[in-house]
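The values are calculated or read from the model by the stated rules, or taken from the named source; none is laboratory data. Please read these numbers as outputs of a predicted model, since none were measured by experiment. So basically every Cβ, Gly included, is an ideal-geometry build from the backbone, and we count neighbours across all protein chains shown. Note: areas computed on protein heavy atoms with side chains; ligands, DNA, RNA excluded. Shrake-Rupley method; radii C 1.70, N 1.55, O 1.52, S 1.80 Å.
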Amino acid sequence: MPTSLIIHGHFYQPPRENPWTDQIDLQAGAAPFTNWNERIFAECYRANAFARVSDGYGRVEQIINNYANINFNFGPTLLSWMERHHPRVYQRIIAADSESVRLNGGHGNAIAQGYHHAILPLCNERDRLTEIRWGLADFRFRYGREAESIWLPETACDAKTLSALIEAGLKYVILSPHQAERVRPLKGGTWRDVSNGSIDPSHPYSVVHPDATGRSIAVFFYDGALAREIAFEGALASSHGLVERFVGATRGDGDLVHTATDGESYGHHYKFGDRTLAYALQVEAASRGFRVTNYSKYLAENSPIWEVEIKAGPTGEGTAWSCSHGVGRWSRDCGCQSGAPEGWNQKWRTPLRLALEFLRDAAAAQFESVGAEILADPWGARDDYIQLMVDPAASREWFYERNGKPNLNEPGRVRGLALLEMQRSSLMMFTSCGWFFNDISGIETVQILLYAGRVLERLERLGMVSPRDEFLERLAEAKSNALTEGNGADIFRRNVAAAQVSPERVAANIALTGLAARGDKSSRVASYFYSESSGRVEQNGRITLSTVQISLADQYTGELSAFAVGALHFGDVDFYCAVHPSISLEDFKYRSDLVWNEFPTASLPRLLRLVQEQFGPDEFGLEHLLADGRARISRVVFDHLVERFSDSYEKLYEDNRRNIEILQQAGFDLPTELRAAVEFTVARRFETALREFQDTGDLAAWQRALTIGNQVVEKGYRVRRTVIVHMFEEMITRLARRAVSDPESASVNTAIELTHLANRLKLEVNVDRAQEAMYDAMTDQVPDTGPMRDLALMLNVSPTVVHAKPASQLLATEAR
């Protein structure tokens, strides 16, 4: 009988969105990506959804969905981000679980996770239950089934947490071997001490609820040595070596080999770890006597025959997999850190937690008292609030039918949702990453301080008692190791002020963006839905004037706000905007007319003063733009500036073209100044032709681009690679997908030419998506015309996949 093999991947990133905008701000450390979510997505989450198995020449023989072969969990906030920004990969994760359910008698690979990745033993009972209930509800909505298990963040566990899981009806949990205290046969007998980590991982154990009802939960203690080898000791260097480690881990009196690590090991921490995992599980494991399965399936076939007691931890607070001091890493200076500079300490952890717990309790008391006027059961409503968060079909009306007091008016409903949003931010303050690293000034800790800022703002906007001053006094006790950062209160004030976005600023962002780049009259920006009315925009010389009424609706609470806005663009990078609270349409027209009547003749100072007087008092400029507005305006402004440079370079190039060509033909190196003009002009023409082809599909534009591209290769010119590479990637992908849907179209040959040109230009174009399209076409028996096979081979799909083509033709194609 084969040995069961289970690999669990814990896939998680902390939420990174600015709490005021729901957008992730630029994170320079993640370059060349805009933020860490995008970088780790590319290196790990997507890579595992489309893991390559290659032949000896690096050509793709199989594309494997690793999530179909491993037990896994994803953090709910990470999945929410992925669903919005990368729906194709998100759906592939969901599909992998569905397939595993089908193949394993109803037992899927996916398990739930505590919603915000808080350390559950350190939560109060109310928050611990909400974290579990939200995690299970999110799982139910996404995967369409009940979870059989839940991942405990950092595997942090204590007796209270296990009891809560049993009461939630969960079947098993995964823990570290070092979290077990002692074991004995389930039928009774002598307890055996395994507190040194020596517990046998080859079978599950049972923990019985202390209420004497006989309810229990199974515990799988993963193989610690195997986890360490995968996470830290290079086991992912080769699939053969990884499987050898699986073989070496076969021991004990059970027929199970299993382990658990951060899922990011497979591709992010170790490049191509996703490929090692794919080949090991898809190809090699069976040949070495393993049956790849999941915990739910194994447990259905193998009930525990041993009982276990887990450790209470040094302070009775529980234990975790990443702290040898119980759960000290998230509450005190226990000594655990991640490579801190010499002399640094983590004494800031205790006052940080105490300050946040103080704020949590102050907010909870007011939520309970004020919420009781609106909600039938405030804490029950908080647990139910997850439905509004995850399900677009769940309306506010539906929510209040279930949770509201009778005859609530609209202001009462808005107030109730604002209270629940305050509680959501309160829960997010305890995301574990805020304590994990070396200093209170780190980006993870700053993130949870932003949530604290959001809690305070919600309290203050609701007209409640704000504990801001006492909170900051407590937070000031947390000292940064970096002298320039100050204490926790300093870090809070500085970062919250930079991140905070008022409705007035959102309105200004909409108006300023509209000056330079006309947009929709209604849409969504930051965490608001907006609409414009009574708008007027005109240009007089270099000056553009706009007046508009803007209505905002908070997407979470439905709270409405409206503004009258006047905005000016003086040309280039000079922008100005004034925002006034809501006024009547009649008043708006009166104020607008005062400005428009003088617009044709007023001096610049006069015009500026008029806009400020009629639409102030709040004033905004370019520096107040949000990420979306900054991107749109920068494209307009910089494109205009580049056009000016282009005209100068174009003239310099054309005036000296004959001399340049003569010098090149004679073998002379061009002077730096001339070469810069030539490369800029040629690259600009190349981009223009490519963009025209990309936008319109005009084959004449493609021929121009092809001619210029050949010139670039022949002359050895450099092009603006970032822009060009992105354009090539998008076009090759689009053409390959079009070719799959219509193998007889011209798209096939154009894709071949484009790929060939990218290779000649030595552009490092990511053709993964195009390659996946062609792989699917070949394996799904899409009519494989000669050009289709040529394209598949050019995109590095193995000849064994392009099976329909005679070997002689394959060799001829490869030779080309």
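Applying the set (1) surrounded by fewer than 18 Cβ atoms within 10 Å (Cβ to Cβ); (2) closer than 20 Å to G135 by Cα; (3) not polar (S, T, N, Q) to P411 leaves exactly one unmet item: (2). Looking only at the stretch 556-582, residues that are touching a Phe, Trp or Tyr at 6+ places or on another chain (Cβ under 9 Å), open to solvent by 10 Å² or more (accessible area, probe 1.4 Å) and not aromatic (F, W, Y) come to 5 in all. So, in the stretch 43-76, exactly how many residues are without any contact (Cβ under 8 Å) to a residue 40 or more places away in the chain and buried (at least 17 other Cβ atoms within 10 Å of the Cβ)? The total comes to 1. Of the residues in the stretch 477-489, not one is closer than 29 Å to F620 by Cα and in contact with an Asp or Glu (Cβ under 7 Å, 6 or more places away or on another chain).
The residues of the stretch 452-481 that are farther than 17 Å from P503 by Cβ, of a type in the set (G, A, S) and in a loop (DSSP other than H, G, I, E, B), listed by number, are S466, A476, A478, S480.
Of the numbered conditions (1) under 19 Å from R458 (Cβ atoms); (2) open to solvent by less than 60 Å² (accessible area, probe 1.4 Å), C334 satisfies every one except a single condition; which is it? It fails just one condition, (1).
From the residues in the stretch 707-750 that are of a type in the set (G, A, S) and part of a helix (DSSP H, G or I), which one is nearest to T681 (Cα to Cα)? Across the stretch 707-750, the extreme among qualifying residues is G709. Total residues in the stretch 238-271 satisfying the condition of being within 16 Å of A51 (Cβ to Cβ) and surrounded by fewer than 18 Cβ atoms within 10 Å (Cβ to Cβ): the figure is 2.
In the stretch 277-308, how many are open to solvent by 20 Å² or more (accessible area, probe 1.4 Å), of a type outside the set (S, T, N, Q) and over 28 Å from the mean Cα position of the chain (by Cα)?
Our first condition is that a residue be open to solvent by 20 Å² or more (accessible area, probe 1.4 Å); within the stretch 277-308, this holds for 279, 282-284, 286-289, 291-292, 297, 299-307.
Remaining after also requiring of a type outside the set (S, T, N, Q): 279, 283-284, 286, 288-289, 291-292, 297, 299-301, 304-307.
Subsequent filtering for residues that are over 28 Å from the mean Cα position of the chain (by Cα) retains 283-284, 286, 288-289, 291-292, 297, 299-301, 304-307.
The qualifying residues number 15.
Residues that are touching a residue at least 40 places away in the same chain (Cβ under 8 Å) and over 21 Å from L450 (Cβ atoms) within the stretch 344-373 comprise W344, N345, K347, V370, G371, listed in sequence order.
Checked against the criterion of being touching a helix residue (DSSP H, G or I) at 6+ places or on another chain (Cβ under 7 Å), under 19 Å from I93 (Cβ atoms) and open to solvent by less than 40 Å² (accessible area, probe 1.4 Å), the stretch 22-36 contains not a single residue that satisfies it.
Looking for whichever is of a type outside the set (K, R), on the phi < 0 side of the Ramachandran plot and free of Cβ contacts under 8 Å to residues at least 24 places away in the same chain here; the options are E167, E146. Which one fits? Before you say what the answer is, go through the steps one by one.
Numbers: E167 fails: free of Cβ contacts under 8 Å to residues at least 24 places away in the same chain.
It is E146.
Checking each residue in the stretch 398-427 for being under 9 Å from I374 (Cα atoms) and charged (D, E, K, R) picks out K405, R413, R415. Pairing residues of the stretch 1-14 that are part of a loop (DSSP other than H, G, I, E, B) with residues that are polar (S, T, N, Q) and surrounded by 23 or more Cβ atoms within 10 Å (Cβ to Cβ), at Cβ distances under 6 Å and at least 6 apart in sequence or on separate chains, gives Q13/N37; P14/T431.
Taking into account only those residues within the stretch 558-610 that are in a loop (DSSP other than H, G, I, E, B) and farther than 30 Å from R415 by Cβ, which is nearest to the chain's Cα centre (by Cα)? The selected residue is V573. Just one of the listed residues (T315, T350) is at negative phi, outside any helix (DSSP H, G or I) and among the hydroxyl-bearing types (S, T, Y), namely T315. Residues in the stretch 212-247 that are among the β-branched types (V, I, T) and assigned to a helix (DSSP H, G or I) were compared, and the one that is farthest from the chain's Cα centre (by Cα) is V247. Take the conditions open to solvent by 10 Å² or more (accessible area, probe 1.4 Å) and out of contact with any Ser or Thr (no Cβ under 8 Å at 6 or more places or on another chain) and apply them to F141. Does it pass? Criteria met by F141.
Go through the residues of the stretch 430-443 one by one and say whether even a single one is of a type in the set (S, T, Y), open to solvent by less than 20 Å² (accessible area, probe 1.4 Å) and assigned to a helix (DSSP H, G or I). Steps first, answer last, please.
Of the stretch 430-443, the ones of a type in the set (S, T, Y) are 431-432, 441.
Still in the running and open to solvent by less than 20 Å² (accessible area, probe 1.4 Å): 431-432.
Remaining after also requiring assigned to a helix (DSSP H, G or I): none.
No, the conditions are met nowhere in the stretch 430-443.
For the stretch 611-639, the candidate set comprises residues that are of a type in the set (S, T, N, Q) and over 29 Å from the mean Cα position of the chain (by Cα); within that set, the residue that is surrounded by the fewest Cβ atoms within 10 Å (Cβ to Cβ) is Q612.
Could you tell me whether L545 is of a type in the set (A, V, I, L, M) and either surrounded by fewer than 20 Cβ atoms within 10 Å (Cβ to Cβ) or modelled with pLDDT under 95 (or both)? Step through it out loud before you land on a result.
Numbers: of a type in the set (A, V, I, L, M): yes; either surrounded by fewer than 20 Cβ atoms within 10 Å (Cβ to Cβ) or modelled with pLDDT under 95 (or both): no.
Taking the combined requirement at face value, the residue does not satisfy it.
Assigned to a loop (DSSP other than H, G, I, E, B) and touching a residue at least 12 places away in the same chain (Cβ under 8 Å), is that true of N509? No.
Yes/no per residue for (1) touching a Gly at 6+ places or on another chain (Cβ under 9 Å); (2) among the hydrophobic types (A, V, I, L, M, F, W, C):
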| position | (1), (2) |
| --- | --- |
| F471 | no, yes |
| L475 | yes, yes |
| S480 | yes, no |
| G486 | no, no |
| F492 | yes, yes |
| A499 | yes, yes |
| P503 | no, no |
| S523 | no, no |
| S546 | yes, no |
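On the stretch given as the stretch 179-211, residues that are under 17 Å from S303 (Cβ atoms) and within 40 Å of the chain's Cα centre (by Cα) total 10.
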